[in-house]
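Accompanying notes for the structure given below.
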Amino acid sequence: MKNFAVLGLGNFGFNIARNLSEKGKNVLAIDSDPNQIEKIKNIVNDAIIGDIKNKAVLTEFLDQSIDTAIISTGDNEFDSILAVHHIKEIGVQNIIVKANNDMHAQILKLMGATEIIFPEKDIAEWIATRLSEPNLIERIPLSEDYSIVEYACPDKFAGNTLRKIQLRSKFNILLIAVKDILTNEFVLMPDADFKFKPDTILLLMGKKKDINQMKLKY
């Protein structure tokens, strides 16, 4: 089972800790506010009152058994920068940090953060994508260029075979799997004679620019 440390229990950190715990993960929560610790103590495995920029506190409660540390310190950018520095020295490999702006994010990366998140910005982009691309269900980035997407079967695909649509030859997109949302039937790596049906979800992999070209056409 994976072990997580959540440092900073503002709205974002508190909800991350709660959701991870509800999903059955081991969660250690640290915050200097006793009220926040009181609220979270019966939800997570361990809840500690402590200053997350204090190296002695972090060294006492964190070690290399922590798979991921998530840091959220509100508007106090210095606290998160110092916390990243200390956690990196402790040996935690995966450090996710909530950033307030681009400069803050750059400094966090230099200090050793492995992933930077902008919750408000990320949510805004997600909502905009959902509104502008109604067929898109979920996107999983693999790299800067490649991603896997869950995509509702376009109307123009329905009734046609994979051979006729030519996803691979026209767009260099791989159809990994198809799921029928009515029957829950799951087809892995469908062959060229596979016929698309309405009410199916396509799992596609390819370059982002190629997937975008396919969406423009269909």
Do we find that ALA192 is touching a Lys or Arg at 6+ places or on another chain (Cβ under 9 Å), within 30 Å of GLY13 (Cβ to Cβ), modelled with pLDDT of 85 or more and not charged (D, E, K, R) in this structure?
-> no
Report whether or not ASN101 is surrounded by fewer than 14 Cβ atoms within 10 Å (Cβ to Cβ) and either acidic (Asp, Glu) or within 22 Å of PRO119 (Cβ to Cβ) (or both).
-> yes
Selection from region 174-196 of residues charged (D, E, K, R) and surrounded by 15 or more Cβ atoms within 10 Å (Cβ to Cβ) yields LYS179, ASP180
What are the residues in region 94-133 that are modelled with pLDDT of 85 or more and touching a helix residue (DSSP H, G or I) at 6+ places or on another chain (Cβ under 7 Å), if any?
-> ILE95, VAL97, LYS98, ALA99, ASN100, HIS104, ILE107, LEU108, MET111, GLY112, ALA113, ILE116
Among the residues of region 35-55, write down those that are more than 20 Å from MET111 (Cβ to Cβ) and either aliphatic (A, V, I, L, M) or touching a residue at least 60 places away in the same chain (Cβ under 8 Å) (or both).
-> ILE37, ILE40, ILE43, VAL44, ALA47, ILE48, ILE49
Any chance you could count how many residues in region 93-110 are touching a residue at least 12 places away in the same chain (Cβ under 8 Å) and closer than 16 Å to THR68 by Cα?
-> 7
Kindly indicate whether LYS156 is outside any loop (DSSP other than H, G, I, E, B), modelled with pLDDT of 85 or more and surrounded by fewer than 14 Cβ atoms within 10 Å (Cβ to Cβ).
-> no
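The values are calculated or read from the model by the stated rules, or taken from the named source; none is laboratory data. Computed from a prediction, not measured in an experiment: that's the story for all the values here. No Cβ is skipped: glycine too gets one built from the backbone with ideal geometry, and neighbour counts run over all protein chains shown.
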